[in-house]
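The values are calculated or read from the model by the stated rules, or taken from the named source; none is laboratory data. Since the model is a prediction, treat every value here as computed from it, not as a measurement. Backbone-built Cβ (ideal geometry, glycine too); neighbour counts: all protein chains shown. Areas reflect the complete protein model, heavy atoms only, side chains present, ligands, DNA and RNA absent. Shrake-Rupley method; radii C 1.70, N 1.55, O 1.52, S 1.80 Å.
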Amino acid sequence: MKLAVVGSGYVGLVAGACLAELGHEVQLVDNDSDKMAMLLRGEIPIHEQYLPELMSRNRQQGRLRFADSIANAVKTSSVIFIAVGTPALVNGAPDLSYVEAVASAVGQHVGEFKVIVEKSTVPVLTHQEIGKVMMLNGAPAESFEVVSNPEFLREGTAVTDFLFPDRIVVGADGSRGAAMLRQVYEPLTSGAYYSQSDAIPRPATFSGKARLLVTSAKSAELIKHASNSFLAMKISFINAIANICEAVGADVQEVCEGMGADSRIGERFLRPGIGYGGSCFPKDLLAFRLVAEECGLEFGLLNEVIKLNEYQRNRFVRKVRSALWNLKGKKIAALGLAFKGGTDDIRESPAIAIIQAFCNEGAEVVVYDPEAMERARCVLQDKVQYANSPYAACAGAHAMVVLTDWQDFAELDLGLIRRALRHPIVIDGRNLFRREQMLAAGLHYYSIGRPTAAPAKSSHSDSQAAVEEMLTEMRSVESVPNLSA
Ligand SMILES: NC(=O)c1ccc[n+]([C@@H]2O[C@H](COP(=O)([O-])OP(=O)(O)OC[C@H]3O[C@@H](n4cnc5c(N)ncnc54)[C@H](O)[C@@H]3O)[C@@H](O)[C@H]2O)c1
């Protein structure tokens with residue numbers, strides 16, 4: 001099929017490359033000329049596993065091209081995916097002006113029947129607005145159908161998520177749109193793609209064929225907002241439980257294992273930490289809360305999820321403060337800038353917010369991230385120092401603080417870390433390490449929802465007394481039982 005994807009960001013690029021991988025002829029468009037120039041040079045503007053391979057092989061085979069205008073892409077395509085950003089405005093409402101701009105442009109060039117696919121995350125009933133704008137721009141009502149096809153990929157595993165989905169949701173109010181979307185995803189729903197010798201490796205848990213669910217357009221729009229809100233709720237919930245564990249000296253990992261073993265709950269997303277971030281959950285929760293308000297409903301639960309998330313970040317800064325006492329003048333090695341491991345995306349990253357809080361208190365922060373340094377530099381500028389390895393970041397630091405769940409960090413040589421640090425203190429906002437490992441390496445270890453680990457005797461001769469003194473201080477203030485402070 002001939003497809004166009006408008007918007008070549010995290011979602012558009014992945015969707016475009018994956019749809020080409022399924023055998024379709026895909027044209028990607030973006031109004032950011034620098035991004036288009038990069039793509040034409042064969043450079044990939046984002047970090048995502050398997051994306052470079054997919055882009056390169058599908059370009060070589062002529063299935064993936066870059067269009068110079070929406071008009072050209074629309075004229076020659078039968079299905080047009082809208083994958084532009086929908087960031088939050090100051091009042092929390094999603095900015096739908098990018099979606100509107102694309103709908104206007106598409107409306108002007110529709111020609112023969114086309115399916116317009118809402119891939120961007122948008123509030124319920126947006127498909128109707130897209131239809132209206134298209135008609136206002138000259139598209140006859142019978143020349144198009146707007147279908148909602150929300151995207152559930154996660155940055156870091158985006159290509160695998162797209163090609164091996166838990167489900168594909170197609171929200172179509174007409175039979176033609178649903179039929180064309182079924183055809184688009186047929187290589188996944190029939191399993192044909194998975195039998196290709198050069199297919200992207202299949203995740204161990206994948207069942208063999210993708211499930212495609214057809215709903216009304218309204219329901220599909222709601223499925224996306226409801227899913228993200230539910231996942232964010234799971235994160236805030238387990239963070240609140242972690243805080244209770246800290247207050248009573250229990251271990252949240254044990255609690256997660258016990259809860260997650262219940263198939264009604266499931267173990268995924270029961271990962272205590274410094275709270276959710278990224279370009280989706282924060283804005284989608286605000287948008288969904290507004291949807292509820294506009295329906296005359298008070299969805300107070302969403303307020304609590306948002307509040308708990310903010311609290312969790314602040315609580316982590318307090319935890320670091322109680323481990324180090326004054327942050328002013330302290331050197332902190334901050335490992336992680338991306339909002340999660342596997343991506344270079346720093347939008348709404350809790351790591352960035354926490355680093356800014358350290359800087360505001362006068363700490364000297366040295367940062368390291370395997371992929372997100374360049375993007376972070378635009379935000380943090382010269383407020384922090386940039387190290388070229390985790391070990392370099394730790395050299396002479398009063399503590400190492402873990403802010404992103406990169407697998408590379410979980411595999412650090414803790415002996416080297418201990419030797420590099422001025423004081424043997426690690427504060428882990430992602431629970432990447434086990435207490436036993438830390439004790440064996442002679443490190444004082446603070447994590448989320450688990451008892452602090454303090455080696456019986458530190459051999460850091462020059463700092464031992466100071467560390468013990470700080471630990472005594474910390475123990476007296478660390479447990480903060482008030483969850484809504
Ligand atoms: N990033 C994710 O993990 C993810 C997952 C699921 C859904 N989503 C949703 O998908 C949408 C896109 O997210 P993203 O992370 O890819 O955003 P992004 O900011 O990375 O990409 C959006 C792209 O759209 C382009 N664009 C904007 N206006 C345009 C126009 N008029 N014509 C052509 N291009 C235009 C921008 O230049 C940009 O490259 C959002 O609604 C988001 O909520 C994102």
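Looking at segment 170-226 only, could you name the residues that are of a type in the set (Lys, Arg) and surrounded by fewer than 19 Cβ atoms within 10 Å (Cβ to Cβ)? Those that are of a type in the set (Lys, Arg) and surrounded by fewer than 19 Cβ atoms within 10 Å (Cβ to Cβ): 176, 182, 202, 209, 211, 218.
Looking at segment 150-174, which of the residues that are touching an Asp or Glu at 6+ places or on another chain (Cβ under 9 Å) and farther than 17 Å from residue 12 by Cα is nearest to the ligand (Cβ to nearest atom)? Checking each candidate, the answer is 171. Of all residues in segment 364-399, those that are within 22 Å of residue 275 (Cα to Cα), of a type in the set (A, V, I, L, M) and in a loop (DSSP other than H, G, I, E, B) total 1.
Of all the criteria given as (1) touching a Ser or Thr at 6+ places or on another chain (Cβ under 8 Å); (2) within 16 Å of residue 1 (Cα to Cα); (3) of a type outside the set (A, V, I, L, M), the one not satisfied by residue 77 is (1). When segment 331-362 is examined, which residues are found to be in a loop (DSSP other than H, G, I, E, B) and surrounded by fewer than 24 Cβ atoms within 10 Å (Cβ to Cβ)? Those that are in a loop (DSSP other than H, G, I, E, B) and surrounded by fewer than 24 Cβ atoms within 10 Å (Cβ to Cβ): 340, 341, 342, 344, 347, 348, 361, 362.
Any residue that is under 23 Å from residue 180 (Cα atoms), part of a loop (DSSP other than H, G, I, E, B), among the β-branched types (Val, Ile, Thr) and open to solvent by 10 Å² or more (accessible area, probe 1.4 Å) - is there at least one of those in segment 104-115? No, there is no match, as no residue in segment 104-115 is under 23 Å from residue 180 (Cα atoms), part of a loop (DSSP other than H, G, I, E, B), among the β-branched types (Val, Ile, Thr) and open to solvent by 10 Å² or more (accessible area, probe 1.4 Å). Of all residue pairs spaced 6 or more apart or on separate chains, those with beta-carbon atoms under 6 Å, a first member in segment 75-102 that is assigned by TED's automatic domain parsing to the domain that holds residue 170 and without any contact (Cβ under 8 Å) to a residue 24 or more places away in the chain and a second member that is more than 8 Å from the ligand (Cβ to nearest atom) and not charged (D, E, K, R) are 95/89. If you go through segment 292-313 one residue at a time, do you hit one that is of a type in the set (A, V, I, L, M, F, W, C), assigned to a loop (DSSP other than H, G, I, E, B) and touching a strand residue (DSSP E or B) at 6+ places or on another chain (Cβ under 7 Å)? No; the residues of segment 292-313 include none that is of a type in the set (A, V, I, L, M, F, W, C), assigned to a loop (DSSP other than H, G, I, E, B) and touching a strand residue (DSSP E or B) at 6+ places or on another chain (Cβ under 7 Å). Residues in segment 108-132 that are among the small types (Gly, Ala, Ser) and away from the ligand (no atom under 13 Å from the Cβ) were compared, and the one that is farthest from the chain's Cα centre (by Cα) is 111.
Would you check if residue 141 is of a type in the set (A, V, I, L, M), within 14 Å of the ligand (Cβ to nearest atom) and either under 30 Å from the mean Cα position of the chain (by Cα) or open to solvent by 10 Å² or more (accessible area, probe 1.4 Å) (or both)? It would help to see each step written out before you state the result.
Details: of a type in the set (A, V, I, L, M): yes; within 14 Å of the ligand (Cβ to nearest atom): no; either under 30 Å from the mean Cα position of the chain (by Cα) or open to solvent by 10 Å² or more (accessible area, probe 1.4 Å) (or both): yes.
No.
Considering each residue of segment 79-102, count those that are more than 11 Å from the ligand (Cβ to nearest atom) and in contact with a helix residue (DSSP H, G or I) (Cβ under 7 Å, 6 or more places away or on another chain), and give that number. Lay out the reasoning, then the answer.
Step one: of segment 79-102, the residues more than 11 Å from the ligand (Cβ to nearest atom) are 79-80, 89-93.
With the extra rule that they be in contact with a helix residue (DSSP H, G or I) (Cβ under 7 Å, 6 or more places away or on another chain), the set shrinks to 79-80, 92-93.
Total meeting the criteria: 4.
Take the conditions (1) in contact with a helix residue (DSSP H, G or I) (Cβ under 8 Å, 6 or more places away or on another chain); (2) within 14 Å of the ligand (Cβ to nearest atom); (3) assigned to a helix (DSSP H, G or I); residue 135 misses just one of them, which is (2).
Within segment 1-63, considering only helices (runs of 4 or more DSSP H) that don't extend past its boundaries, which have at least 3 residues that are within 9 Å of the ligand (Cβ to nearest atom) and under 21 Å from residue 79 (Cα atoms)?
10-21
Looking only at residues in segment 383-424 that are touching a helix residue (DSSP H, G or I) at 6+ places or on another chain (Cβ under 9 Å) and hydroxyl-bearing (Ser, Thr, Tyr), the one that is nearest to residue 361 (Cα to Cα) is 386.
Yes or no: segment 243-264 includes at least one residue that is more than 16 Å from the ligand (Cβ to nearest atom), among the hydroxyl-bearing types (Ser, Thr, Tyr) and open to solvent by less than 50 Å² (accessible area, probe 1.4 Å). Among the residues of segment 243-264, not one is more than 16 Å from the ligand (Cβ to nearest atom), among the hydroxyl-bearing types (Ser, Thr, Tyr) and open to solvent by less than 50 Å² (accessible area, probe 1.4 Å), which makes the answer no.
Could you say whether any residue in segment 412-429 is in the same structural domain as residue 376 (by TED's automatic domain parsing), of a type in the set (Gly, Ala, Ser) and open to solvent by less than 10 Å² (accessible area, probe 1.4 Å)? Yes: one or more hits.
Answer with yes or no whether residue 237 is farther than 22 Å from residue 162 by Cα and aromatic (Phe, Trp, Tyr). For residue 237, the condition - farther than 22 Å from residue 162 by Cα and aromatic (Phe, Trp, Tyr) - is met.
When each of 204, 226 is tested for being of a type in the set (Gly, Ala, Ser), under 23 Å from the mean Cα position of the chain (by Cα) and modelled with pLDDT under 95, the lone residue that passes is 204. When residues in segment 67-78 are screened for being within 19 Å of residue 11 (Cβ to Cβ) and either touching a Cys at 6+ places or on another chain (Cβ under 7 Å) or surrounded by fewer than 18 Cβ atoms within 10 Å (Cβ to Cβ) (or both), 0 of them pass.
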